[in-house]
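First comes the structure, then the notes that go with it.
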Amino acid sequence: MLNRTNVLKRLWSFLKSRPQSEVNLKALPSPGCRFSLVLGLVIALAVCWPPLVNGQKLKANELIVKHQQAIGAIEARNSVVNLTITGTVVATFREPGTGQIAGRAVLASQGDMSLLAMVFDNVPDYPHEKFGFDGNDVSIGYVRPGARSTFGDFVLTNKSVIKQGLLGGVLSHAWPLFDDTGKRGKSEVGGTKKFADRHAIEVKYFPKGGSDLRISFFFDAETFQHIRTEYSKVVASQMGATPELSARQFETRYKMVEEFSDFKNEGDLSLPHSYNIKLEIRAQRGSFDADWQLTLTNFSFNESIDPKAFDVDG
């Protein structure tokens, strides 16, 4: 069976065997250049080659099973009916204005229903962020009468983020990868990437019913813990009244990233205690750049939750 090492050996042998008119390795100015060529091939293969476990190509459903096992045994996972998590949050704004505020955070979930709320006391212009899905409808809280935040508008426009149980990752009982049958969406293993000192396997996700967003999950290549989700979208520029005005228009780019770290045991489950959400928008009318860093401290399982709590009622 071929592996990365054998492929590289065969590729190098192939290059050396070709006539100089096709691949003139000797024409490269130094051995260092030849080394750089091979190093480039190694990097390309490492990034693009499907992930291997014990020499075998990893399929999406196999990776999902390993991810589930990284959370906890099936008996422990199935014993959870609902989940409530509380902690603190620090919101940092970089564009268009700058500033930092601290507050309280809560995540709650039961079945397909989920809630994420962040409350900032004594901040009249930005009192909270509230996102809810009650199993039927998505609701987003207003920060001022008739006005939602930039973050709220993004989630409202892209309802699949919360409706499909993606927001919060494994911190939500609605996380779609708790089910490895693929009923809620299609998963496709991509390549590998490195974030800080961690190698991660990318899984491209296509929610049932479709989404305008490109969605990728990233799993630690050693532990299979879910450490990152990326959402991105590009909206083409509009046509201007004249060719000159059209040339001045440019596309709008959206990118939201969730990062999960500081995994610790809560009961029989391994869950992240650090949760960061970053939203970037690059648009004709201006840019937006902010993140919300949640530090989670209290985890409660199977306590009564009023279903009405998942409707944040605008």
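The values are calculated or read from the model by the stated rules, or taken from the named source; none is laboratory data. Since this is a predicted model, take the numbers as computed values, not measurements. As a convention, Cβ positions derive from the backbone with ideal geometry for all residues, glycine included, and neighbour counts pool all protein chains shown.
Out of (1) surrounded by 13 or more Cβ atoms within 10 Å (Cβ to Cβ); (2) over 14 Å from the mean Cα position of the chain (by Cα); (3) at pLDDT 85 or above, the odd one out for Lys255 is which?
Every condition holds for Lys255 apart from (2).
Name, by its number, the condition in (1) of a type in the set (D, E, K, R); (2) surrounded by fewer than 19 Cβ atoms within 10 Å (Cβ to Cβ); (3) closer than 29 Å to Arg184 by Cα that does not hold for Lys130.
(2)
How many residues does region 269-314 contain that are farther than 27 Å from Asp220 by Cβ and assigned to a strand (DSSP E or B)? So that I can check it myself, show each step before the final result.
Start the filter on region 269-314 by keeping residues that are farther than 27 Å from Asp220 by Cβ, which leaves 281-288, 302-314.
Remaining after also requiring assigned to a strand (DSSP E or B): 281-283, 286-288.
Within region 269-314, residues that are farther than 27 Å from Asp220 by Cβ and assigned to a strand (DSSP E or B) number 6.
Can you tell me which of (1) surrounded by 19 or more Cβ atoms within 10 Å (Cβ to Cβ); (2) charged (D, E, K, R); (3) out of contact with any strand residue (DSSP E or B) (no Cβ under 8 Å at 6 or more places or on another chain) is the one Lys163 doesn't meet?
Here Lys163 clears every test but (3).
Got a sec? Which strands (runs of 3 or more DSSP E) wholly within region 143-231 have at least 2 residues that are of a type in the set (Gly, Ala, Ser)? Quick ask: steps written out before the conclusion?
On the way: elements: 185-195, 198-207, 214-220.
Passing ranges, in order: 185-195.
Residues checked against (1) touching a strand residue (DSSP E or B) at 6+ places or on another chain (Cβ under 6 Å); (2) buried (at least 16 other Cβ atoms within 10 Å of the Cβ); (3) part of a strand (DSSP E or B); (4) not hydrophobic (A, V, I, L, M, F, W, C):
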{"site": "Glu75", "(1), (2), (3), (4)": "no, no, no, yes"}
{"site": "Val80", "(1), (2), (3), (4)": "yes, yes, no, no"}
{"site": "Ile85", "(1), (2), (3), (4)": "yes, yes, yes, no"}
{"site": "Thr88", "(1), (2), (3), (4)": "yes, no, yes, yes"}
{"site": "Ala91", "(1), (2), (3), (4)": "yes, yes, yes, no"}
{"site": "Arg94", "(1), (2), (3), (4)": "yes, no, yes, yes"}
{"site": "Ala102", "(1), (2), (3), (4)": "yes, no, yes, no"}
{"site": "Leu107", "(1), (2), (3), (4)": "yes, yes, yes, no"}
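Within region 269-286, take every residue that is modelled with pLDDT under 95 and at negative phi and give me the one that is nearest to the chain's Cα centre (by Cα). Even if it seems obvious, please write down each step before you answer.
Residues of region 269-286 modelled with pLDDT under 95: 282-286.
Going one step further and asking which of them are at negative phi, we end up with 282-285.
Working: Arg282: 19, Ala283: 22, Gln284: 25, Arg285: 26 Å.
Filtering region 269-286 for residues that are modelled with pLDDT under 95 and at negative phi, the one nearest to the chain's Cα centre (by Cα) comes out as Arg282.
Exactly one condition in (1) crowded, with 20+ Cβ neighbours inside 10 Å; (2) at pLDDT below 95 is false for Leu171; which is it?
Status for Leu171: all satisfied but (2).
Please specify each residue of region 287-311 satisfying the condition of being within 24 Å of the chain's Cα centre (by Cα), closer than 17 Å to Ala105 by Cα and of a type in the set (A, V, I, L, M, F, W, C).
Ala290, Trp292, Leu294, Leu296, Phe299, Phe310
Can you name the number of the only condition in (1) among the polar types (S, T, N, Q); (2) farther than 15 Å from Leu279 by Cβ; (3) without any contact (Cβ under 8 Å) to a residue 40 or more places away in the chain; (4) in contact with a strand residue (DSSP E or B) (Cβ under 7 Å, 6 or more places away or on another chain) that Asn122 fails?
Going through (1) among the polar types (S, T, N, Q); (2) farther than 15 Å from Leu279 by Cβ; (3) without any contact (Cβ under 8 Å) to a residue 40 or more places away in the chain; (4) in contact with a strand residue (DSSP E or B) (Cβ under 7 Å, 6 or more places away or on another chain) one by one, Asn122 breaks only (4).
Could you list, in sequence order, the residues of region 205-219 that are of a type in the set (S, T, N, Q) and touching a strand residue (DSSP E or B) at 6+ places or on another chain (Cβ under 8 Å)? Break it down stepwise before answering.
Keep residues of region 205-219 that are of a type in the set (S, T, N, Q), which gives 211, 216.
Within region 205-219, just Ser216 meets the criteria.
What are the pairs, 6+ residues apart or on separate chains, where a residue within region 64-89 that is farther than 28 Å from Ala309 by Cα has its Cβ under 7 Å from a residue that is among the hydrophobic types (A, V, I, L, M, F, W, C) and part of a strand (DSSP E or B)?
That search, which allows pairs on different chains as well, returns His67/Phe219.
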